[in-house]
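Worksheet: one structure, shown below.
Please treat every number below as a calculation from the coordinates, not as lab data. Everything numeric here is computed off the predicted structure, so don't read it as measured data. We place every Cβ from the backbone using ideal geometry, glycine too, and count neighbours over all the protein chains shown.
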Amino acid sequence: MTDQVSDSVQARVDANWRSVCDQVANACRAAGRSPDEVTIVGVTKYVDVPLTQALLRAGCRDLGENRPQVLWQKAEAMADRSIRWHLIGHLQRNKSRRTLPLVYRLHSIDTLRLAQTVAQQSGEAGQTTSCLLEVNVSGDEQKHGFRPAEIEKIIADLIALPNLKILGLMGMASFDQPNHDPAIDFASLRALRDRLTVTTGLPLPELSMGMSGDFQAAIAEGSTCVRIGSRLFEGVR
Ligand SMILES: *Cc1c(COP(=O)(O)O)cnc(C)c1O
């Protein structure tokens, strides 16, 4: 397998990456925040290994996949230690063991049972797993994630689990309702995080929110991690 793309494709990915970095930096400044407060996770679920490598060469070190099997495959094909892999999609419990050693951060803890499995298997592997709790903040039926009221009830059980480092929350704005303002969903995710920091006494610094179409709004509402896919691969897929 070759990991090369043509020079013109590489140039386009380079330009897309620079333009996303600029727009993220501008959104930070507009919100009175420093650009170093926001990590850009390049979501590579749409593309093959050569284009994923092209994004890495462009300078993106945080890569996100939404399917565990694809993450395994790419992490193995690209054993470049400078990559920080983020799992941003649903993790079935039977895929946890193989995923844990490969990921830098798990964005999608969406049930207490999954959290228990990840905690136990992290212990067996001698590691602590950094993770985020996925919240279904918009209430869309087809989305994974805890309901806000549910998370407030079980947060004590979640934070009591060993070998899990819960860093914050992840969520998506609604795409069910037309003309819906994503800022409403991002603000309610942040408000939930703020309530949880009070009840738990944990800082919960991370808010993973914002995608290609709504990252500016997410940054204005306090996002620390935007997950960008389509914008990075415009013109090359
Ligand atoms: C696909 C995906 C993204 C990236 O979406 P784009 O709109 O292509 O930027 C972000 N987060 C999750 C959970 C995804 O599945």
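Couple of notes before you dig in:
- Filter result (surrounded by fewer than 19 Cβ atoms within 10 Å (Cβ to Cβ) and either of a type in the set (A, V, I, L, M, F, W, C) or not in a helix (DSSP H, G or I) (or both)) within segment 131-151: GLY139, ASP140, GLU141, GLN142, LYS143, HIS144, ARG147, ALA149
- Scanning segment 195-219 for residues that are touching a helix residue (DSSP H, G or I) at 6+ places or on another chain (Cβ under 9 Å), β-branched (Val, Ile, Thr) and without any contact (Cβ under 8 Å) to a residue 60 or more places away in the chain turns up THR199, THR200.
Results for (1) touching a residue at least 24 places away in the same chain (Cβ under 8 Å); (2) out of contact with any strand residue (DSSP E or B) (no Cβ under 7 Å at 6 or more places or on another chain); (3) of a type outside the set (Gly, Ala, Ser); (4) in a loop (DSSP other than H, G, I, E, B), shown as yes or no for each residue.
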site	(1), (2), (3), (4)
ALA54	yes, yes, no, no
GLY64	yes, no, no, no
GLN69	yes, yes, yes, no
TRP72	yes, yes, yes, no
ASP80	yes, yes, yes, yes
TRP85	no, no, yes, no
HIS90	yes, no, yes, yes
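- Residue in segment 152-170 that is free of Cβ contacts under 8 Å to residues at least 24 places away in the same chain and either surrounded by 19 or more Cβ atoms within 10 Å (Cβ to Cβ) or of a type outside the set (A, V, I, L, M, F, W, C) (or both) present: yes
- Inter-residue pairs, beta-carbon under 8 Å, first over 18 Å from MET209 (Cβ atoms) and in segment 33-49, second of a type in the set (Ser, Thr, Tyr), 6+ apart: THR44/THR52; TYR46/SER230
- Conditions (1) out of contact with any Cys (no Cβ under 7 Å at 6 or more places or on another chain); (2) within 16 Å of the ligand (Cβ to nearest atom); number of the one not met by PRO148: (2)
- Single match in ARG98, ARG190 (criterion: within 24 Å of PRO68 (Cα to Cα), among the basic types (Lys, Arg) and either assigned to a helix (DSSP H, G or I) or within 16 Å of the ligand (Cβ to nearest atom) (or both)): ARG98
- Residue in segment 206-222 that is nearest to the chain's Cα centre (by Cα), counting only those that are within 12 Å of the ligand (Cβ to nearest atom) and buried (at least 23 other Cβ atoms within 10 Å of the Cβ): SER208
- Only a single criterion out of (1) within 16 Å of the ligand (Cβ to nearest atom); (2) within 20 Å of SER212 (Cα to Cα); (3) not charged (D, E, K, R) is not satisfied by ALA54, namely (1).
- Identity of the residue in segment 1-42, assigned to a strand (DSSP E or B) and of a type outside the set (A, V, I, L, M), that ends up nearest to VAL236 (Cα to Cα): GLY42
- Among the residues of segment 1-44, the ones that are of a type outside the set (A, V, I, L, M, F, W, C), under 21 Å from VAL70 (Cα atoms) and surrounded by fewer than 17 Cβ atoms within 10 Å (Cβ to Cβ) come to 3 in all.
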